[in-house]
Structure formats: structure tokens, C-alpha cells
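**Q** Take a look at this one; I'll ask things after.
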Amino acid sequence: MSFKNASFFSYTSAIQRHLNRHQRILRIIFAASPSQLKPHIKDCVINDNGRLLIYVSSAVWASQLRFLSAQIKEAVNSQSNERIQQIRIRVLSPEPFKAEVEEKKIFPSTASIDLIRSSAESSSESKLKDALLSLSKTLKKHS
């Protein structure tokens, strides 16, 4: 069996038309919505029965968008070939909780800690000497 380019299949043009329609409707929804609401509009689905389903990120934004449903319906109907009769707003379920992965701490080798300590002991500057000794002592505790 040989590889076939996606254009070989007859339904790819229908899929592309559907995607273009979807993107056009979503752009109209964004244009008809206030700027503070736009980031919370996540997606939309339009079916052949004249129903537009708009997905938002939370219930707060869903209620705000419901106030604008008549304005959005008018914008979609006037700027496209669609005849929307009903708009429904749905909240997407929140993303699952992801526990933060604790970073593994990397400490210098014992030889490096000993080198810091010996450098401190041979240093004549007291502030530097104290800082290096303190550093080597702290590193020695954690190694």
C-alpha cells in the first residue's frame, strides 16, 4: 500500500469548508464580545438546526456572555450565511489538578565542598573567608 496525500480523499475539502465556517463564526463571536470577555471564550459549535453552542472558561463568564447572546446572534446572522435561532452557553470543565513536580536539588561533590573550604581558609579577606566557610558548612550538611 502506498502513501496517499490528504488531498486524495474526497472528504478533505468538506472538512476544510467546515473548519473555515467554524473559524469565521468564532471570529464574529469575538468581534461582538467585549475585550475582557474574549480570553474566556474557548470555542463554539454550530449545528444545522440553527443552534450555536459557545464554550467559556467559567460560570462567571458564561453569565456575562448570556447577557450578550442577542447581540451575538444578530452579529452572526448578519455577517454570515448562518441563521442562528438559539444560542446556548456552556462552561468547559476545569483542567485537572496537576501537582507540581518538586525540583531535585543538585549539590556539589564532596571534593568541590572541600575545595571551597580550603579556598576560604587560605583567603586573607575576612568577609569572603566567612562567606566561603559558611557556604561550605551549609553544603556539607546537605551532602
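**Q** Give the residue list of chymotrypsin sites (Phe, Trp or Tyr not before Pro) in the stretch 41-143 that are DSSP loop and have at most 16 other beta-carbon atoms within 10 angstrom.
**A** Listed in order of number, the matching sites are 97.
**Q** Can you give the calculated 222 nm mean residue ellipticity of the chain, where each DSSP H run of n ≥ 4 adds -39,500 (n - 2.57) and the sum is split over every residue, rounded to the nearest 500 deg cm²/dmol?
**A** Per the formula, -16000 deg cm²/dmol.
**Q** Here is a follow-up. Please identify every one of the trypsin sites (Lys or Arg not before Pro) in the stretch 82-114 that sits in a loop by DSSP and has no more than 13 other beta carbons within 10 Å of its own beta carbon.
**A** 83, 98, 104, 105
**Q** Subtract the Cα-Cα distance of residue 47 and residue 35 from 0.36 nm times their separation in residues, and report this length gain in nm to one decimal.
**A** Extra length from residue 47 to residue 35 when fully extended: 1.7 nm.
**Q** What share of all Cα pairs of the stretch 12-91, in percent, falls into each consecutive 10 Å distance bin?
**A** 19, 56, 22, 3
**Q** What is the antiparallel percent of DSSP beta bridges lying wholly in the chain, to the nearest 5?
**A** 45 percent
**Q** Same structure, new question: Using 0.36 nm per residue, how much length does the chain from residue 86 to residue 71 gain when fully extended, once their Cα-Cα distance is taken away?
**A** Fully extending the segment from residue 86 to residue 71 adds 4.2 nm.
**Q** Now a separate question. Once you have the Cα-Cα distance between residue 21 and residue 109, take 0.36 nm times their residue separation minus that, and quote the gain in nm to one decimal.
**A** Gain on extension, residue 21 to residue 109, equals 25.6 nm.
**Q** Starting from the Cα of residue 93, move 7 Å in the Cα-to-Cβ direction to define the label point; list residues of the stretch 36-79 whose amide nitrogen is under 17 Å from there.
**A** Once the point is set 7 Å along Cα→Cβ of residue 93, 55-59 turn out to lie under 17 Å by backbone N, inside the stretch 36-79.
**Q** At q = 0.09, 0.11 Å⁻¹, work out log10 I(q)/I(0) for the chain with the Debye formula, treating every Cα as an identical point scatterer and leaving solvent out; two decimals please.
**A** -0.56, -0.60
Quick note: the coordinates plus some simple rules give every number you see, no bench work behind them. Keep in mind that what you see is a predicted model, and the values were worked out from it rather than measured. Every residue, glycine among them, receives a Cβ derived from its backbone with ideal geometry; neighbour counts consider all protein chains shown.
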